[in-house]
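Let me begin by presenting the structure, written as structure tokens, before commenting on it.
The values are calculated or read from the model by the stated rules, or taken from the named source; none is laboratory data. Everything numeric in this text was worked out from a predicted model, so none of it was measured. Neighbour counts are summed over all protein chains in view; Cβ atoms, including those assigned to glycine, are modelled from backbone coordinates with ideal geometry.
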Amino acid sequence: MAFRDIIAQLRQDITTAEDAGDEQTVARLRRELDEALRHGEEKADQE
């Protein structure tokens, strides 16, 4: 799965969890999204 697809999926999953009122999952997914974005920035800096 491409990086953009992963980011888009995480954002969609966050929205779904928010709509369901699942704050624990929202918090976990936000951490995963932050980590993925940091990783993407690091990779871009290396190129």
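In segment 1-22, the qualifying residues are those that are part of a helix (DSSP H, G or I) and among the acidic types (Asp, Glu), and the one that is surrounded by the most Cβ atoms within 10 Å (Cβ to Cβ) is Asp13. Summed over segment 23-42, residues that are surrounded by 14 or more Cβ atoms within 10 Å (Cβ to Cβ) and more than 21 Å from Phe3 (Cβ to Cβ) total 2.
Contact map, segment 1-20: residues that are without any contact (Cβ under 8 Å) to a residue 12 or more places away in the chain paired with residues that are among the charged types (D, E, K, R) and surrounded by 13 or more Cβ atoms within 10 Å (Cβ to Cβ), Cβ distance under 9 Å, separation 6+ or inter-chain. Pairs shown: Thr16/Asp22.
Just checking, which of Glu42, Glu18 is on the phi < 0 side of the Ramachandran plot, modelled with pLDDT under 95, of a type outside the set (Phe, Trp, Tyr) and more than 9 Å from the chain's Cα centre (by Cα)? Write out each step before concluding.
Working: Glu18 fails: modelled with pLDDT under 95.
Matching residue, one of Glu42, Glu18: Glu42.
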